[in-house]
1. What whole-number distance in Å separates the alpha-carbon centres of the range 222-274 and the range 79-146?
2. What's the FRET efficiency of I481 with M366 using the Cβ-Cβ distance as r and R₀ = 35 Å, to the nearest 0.05?
3. Counting only C-alpha contacts under 8 Å and six or more residues apart, can you give the relative contact order of the range 334-470 as a whole percent?
4. Please report, in debye to the nearest 20, how large the charge dipole of the range 190-304 is about its Cα centre when each Lys and Arg carries +1 at its beta carbon and each Asp and Glu carries -1 there.
5. May I ask what percent, to the nearest 5, of DSSP beta bridges between residues of the chain are antiparallel?
6. Using square roots of five times the C-alpha gyration tensor eigenvalues, list the equivalent-ellipsoid semi-axes of the range 343-484 in whole Å, biggest first.
7. Could you give the spread of the C-alpha atoms of the range 196-269 along their three principal axes, from largest to smallest, in whole angstroms?
8. Once both axes come from the Cα atoms, what is the angle between helix 300-309 and the longest principal axis of the chain, in degrees from 0 to 90, rounded to 10?
Amino acid sequence: MPLFYQTGRMQASYGMSLRPKLNIDSSFPFPWMCAGVTFNRKMIRTRCSLLVNVSLAVCSLQAQQPRPPAVTQAVLAGKLIDVRTGSVRPHAYILIAGERVQSIADSAPSGVPVTDLSAYAVVPGLIDAHAHTLSNPTTQNIAAHLRTSIPQATLWGVYNLRLWLDHGFTSLRDACEGPADYPQLALRDSVRRGIILGPRITAAGSCISLTGGHGDGSPFSPDLQLPRGQNVADTVDDIAHVVRRDIKYGADWIKLMATGGVMDPISDFHVQELSEEQMAAAVDIAHRAGKKVMAHAEGAAGIKAAVRAGVDSIEHGTMLDEEGAALMEQHHTWLVPTLYCFQHDMETGLSKGRDPDSYAKGVEIMAAQGPAFKLALAHHIPIVYGVDDADIDESVSKEFGALVRGGLSPLGALQAATINAAIMLDKDKDVGTIEPGRYADIVAVQGDPLSDITVMEHVAFVMQGGRLIKDPAHPDRNPVIHVK
């Protein structure tokens, strides 16, 4: 009941009358406050109703706005690097609620545990977008791989995942594996369920190849032929079957071998292998299923055919020419150049049992790598960090230096391993930056990576989703065995 009605009733009960006391003018906005005007009940009732409705609406909006989650811990960054812009915020507190960043502040709430990284530069958790999780870092000898069972290869994967984490890589994309029963997907799902510790995995399925192509997996004499691999596709119909099989069993990405490669002894990296029609069919099927497509592409012809077919990323791109770079720029195709992998292979040479024919191809590749990468930068092709090296412990952080030596800025190299990779993988709402709502994936290094990118090779601190993985204050926490 409006207030003025209640007041009127109270006065009436004492034998009092409002009218003799008030001469209220209906034109005055608040008639009950002034004598000498005419009383207007309708106007008062309308205005009071509006005030009540506005108050209720404000209360309703306040009730609907969710309260920020409670802070459970904080990290004090000496220098917090914003990888979007390169700006540096000194002495910043990263406030964490559970697995995610709640906010960035100048102080931490009282009573909240604080990890002191005031002597370090802090960046987001890193992303390796070209990983082969089942790699054996101790050998490049094909005979050793033939004698490695799939269970043993999967255990190598468990070991490798710990190495990635130890070097600050809290996410990765597996760029296809050989076994037909998809152990990389089992590793991905085991990390998600907390069965094993490792980076969050986005995984391609099989390495889709022509017979005799890079990915055939059977480089033997004619009298030692293995059964046709589930990843082999010689026609458009074959492609459709293999792509749908990968999707059926849970692949996040489709991997196409657009050209020959370097490590195998039988293919020619100059030669286009899968046809443009095959690759276009793969892209159509994958995109309709909400999946993306990556293409191993070394030679110029295969790069251009893959881009025209609509693939989302080119892996390596080592023989990229002017026409191919222009096409990639036009199609907004990502490039994962994997520079250091080829450089490292030249350093190790034949010492790990590498095939001499493979090594000879590597020598030729190195002559083309630098000019191709400079073309990519000149055409503003977006660059993503990828390693593609079996020796994770030795190589995973060295791509930073290779990218900068190739012409990318230190900030560009950091972006390649954080925000760029996250956007390419459609994970930028969760990872790639230290911002409210993202996972609390935090890496710290001594020194300034914006002036000396090689400090990224010596990660001191790693947090993944609010969980401490590596901490300079507790060097015995989560120890990692380093196999040589």
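The values are calculated or read from the model by the stated rules, or taken from the named source; none is laboratory data. Just so you know, these numbers come straight off a predicted model, no measurement behind them. Neighbour counts are summed over all protein chains in view; Cβ atoms, including those assigned to glycine, are modelled from backbone coordinates with ideal geometry. Side chains are part of the model used for accessible areas, which takes the heavy atoms of the whole protein and leaves out ligands, DNA and RNA. Shrake-Rupley method; radii C 1.70, N 1.55, O 1.52, S 1.80 Å.
1. Distance between centres, Cα-based: 35 Å.
2. Details: r = 32 Å, r/R0 = 0.93.
So the FRET efficiency works out to roughly 0.60.
3. Values: 174 pairs, mean separation 27.6, N = 137.
Value for the range 334-470: 20 percent.
4. Numbers: 12 positive and 14 negative charges, 186 e Å.
Computed about the Cα centre, the dipole is about 900 debye.
5. Working: 26 of 57 bridges.
Of those bridges, close to 45 percent are antiparallel.
6. On the way: eigenvalues 165, 96, 36 Å².
Over the Cα atoms of the range 343-484, the semi-axes work out to 29, 22, 13 Å.
7. 41, 30, 23
8. Once rounded, one gets 40 degrees.
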